[in-house]
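Working notes, beginning with the structure itself.
Nothing in this text is a laboratory measurement; each read-out follows from the coordinates by a stated rule. Keep in mind that what you see is a predicted model, and the values were worked out from it rather than measured. Note: ideal-geometry Cβ built from the backbone for every residue, glycine included; neighbour counts use all protein chains shown.
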Amino acid sequence: MAGQSCYTSNESTQALLELSYLCTFPMAVKAAIVLKVPDILSAESTPLTAKQIADRIPGTATSEAKLERLLLALSTYGLFAVSGSNPRTYSLTPMSRLLAKEENGLSLSSMFLLNTETSHLETLQHLHEAVLEEGVVPFEKAYGQPVFQYFAQNTQMGGIFHSAMSNLSVILMKSVLKNYDGFKDVKVLVDVGGGTGLNCSMIKAVYPHISAINFDMSFVIAKAAKMPGIEHRGGSMFESVPTGGDAILLKTVLHNWDDTGCGRLLSNCYSALASAGKLVIIECLLAEETDMSSRSRLVASFDLAMMTVFKGGKERTATQFQNLVESTGFKDFKVAVYGDVLSVMEAYKI
Ligand SMILES: C[S@@+](CC[C@H](N)C(=O)[O-])C[C@H]1O[C@@H](n2cnc3c(N)ncnc32)[C@H](O)[C@@H]1O
């Protein structure tokens, strides 16, 4: 159970001071990304010294000594593997490999650019106000308008956000499809709040027999590329959801809304789904009993991000999802896959 102290008094001082400096580390990762260190190491088959990395950084006058301090600091979080001494050499670890661009351009570096962006840090200054006053959204307090409206006007920030979300979504969906085979018997899949159709295209790549309907708001659908076997449809899921599916997917959609909004959306999904149809929900799950694991810390970070950016948005436990889903008529709720980040839940219209 979280909260029970696992530290001695000296360790408590150390742990608390470390926590007070925690903001420094994502900024240090951003510095390494801006200096292109993950891409430089990824292009080499052998570890490099700080000097060799410095020589490959585009631009002039790179301080090898300061680069070495940055690399050593990040190695304390497992970002770089260090070997030898005088000189030390550095290589990527499974973690930092995710920061280097894959062949298809994917990487998690965009998450660091997003989470260290000035507007994100500015928004977090207002976190306590969300606690003090019902209805306060820290992002709106800082920027005077809802987040997506702001992104539509501030295209540079919107670009950072959409790039971070689509990179994250594809990387996590790959892992979901490795561990979950519940789409194999689906004939027609409706992806509600499916964005520009990335989930549908990844699911179809594994199960080509599926016909997919990708449903999102009209202005989002307007930006969606044509994809074979995927029909894009625009509209509001709070009014109605496309019919004709024997399965409906809701991936990281419910966490943006309060229970009333989720109830309305789930009722629309229930009405639209064929009888005996399957509802598939993919979301992070808050632990029923909070602990101090890194998984719990990650989902708690997502939950605070929801509190910071969306009115009523929140992460939920499996029991909270079950209550929401069953209150709209669905039966046989179960968590089909507990993932490290995203879990998969199923329920049926019986
Ligand atoms: C967090 S994103 C998830 C996108 C996608 N499911 C994924 O996994 O990457 C939430 C999605 O809900 C969509 N959305 C928000 N309000 C909507 C509405 N009223 N009707 C349909 N889609 C909506 C957004 O446009 C966005 O694509």
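Output wanted: per-residue J couplings in Hz (rounded whole) for segment 337-342, from phi through Karplus 6.51 cos²θ - 1.76 cosθ + 1.60, θ = phi - 60°, x for Gly and Pro.
Coupling constants for segment 337-342: 9, 8, x, 5, 10, 9 Hz.
If you find the alpha carbon centre of segment 232-248 and of segment 128-187, how far apart are they in angstrom?
Answer, in whole Å: 20.
Under 5 Å between amide H atoms, partner at least 5 residues away or on a different chain: which partners does THR317 have, H built in plane at 1.01 Å?
LEU286
Find the centroid of the Cα atoms in segment 282-330 and in segment 198-219, then give the distance between the two in whole Å.
25
List residues of segment 16-42, by number, whose backbone nitrogen lies under 16 Å from a label position 7 Å along Cα→C-beta of MET95.
It comes to 18-19, 21-33, 38, nothing else.
Which lysines, if any, have their Cα less than 18 Å from the Cα of LYS187, not counting same-chain residues under 8 positions apart?
Result set, ordered by chain and number: LYS204, LYS278, LYS349.
Please give the contour-minus-distance gain from HIS128 to PHE148: 0.36 nm per residue of separation, less the Cα-Cα distance, rounded to one decimal in nm.
Length difference between fully extended and current span is 5.0 nm.
For segment 141-149, just list the computed ³J(HN,Hα) in residue order, Karplus coefficients 6.51, -1.76 and 1.60, θ = phi - 60°, integers in Hz, with x standing in for Gly and Pro.
Values, residue by residue: 5, 6, 10, x, 7, x, 4, 6, 5 Hz.
Per DSSP H run of at least 4 residues, take -39500 (n - 2.57); add these up for the chain, divide by its residues and hand me the 222 nm value, nearest 500 deg cm²/dmol.
Mean residue ellipticity at 222 nm (helix-derived): -13500 deg cm²/dmol.
Cross-link list LYS174/LYS331; LYS174/LYS226; LYS36/LYS311: which exceed 30 angstrom alpha carbon to alpha carbon?
Beyond 30 Å: LYS36/LYS311.
Kindly write out, for segment 260-274 in residue order, the coupling ³J(HN,Hα) from the Karplus curve 6.51 cos²θ - 1.76 cosθ + 1.60 (θ = phi - 60°), rounded to whole Hz, with x marking Gly and Pro.
5, x, 5, x, 5, 5, 5, 5, 5, 5, 4, 5, 7, 6, 5
Want the number for SER275 to LEU16: 0.36 nm per residue separation, take away the alpha-carbon distance, what's left?
87.8 nm
Sequence-distant or interchain residues sharing an amide H contact under 5 Å with ILE213, placed H: which?
Those qualifying (amide H under 5 Å, at least 5 residues apart or on another chain) are LEU189, VAL190, ASP191, GLU231.
Tally Lys/Arg at +1 and Asp/Glu at -1 over every other residue whose Cβ is under 15 Å from the Cβ of HIS126; what's the total?
Taking every Cβ under 15 Å from that of HIS126, the sum is -3.
Report the gain in length on full extension from TYR348 to ALA61: 0.36 nm times residue separation, minus Cα-Cα distance, nm rounded to one decimal. Don't jump to the answer; show the numbers that get you there.
Details: separation 287, 0.36 × 287 = 103.32 nm, distance 6.20 nm.
Going from the current span to full extension adds 97.1 nm.
For GLY244, list long-range residues whose amide hydrogen, built 1.01 Å from N in the peptide plane, is under 5 Å from its own amide hydrogen.
Amide H neighbours of GLY244, under 5 Å, 5+ apart: ALA274.
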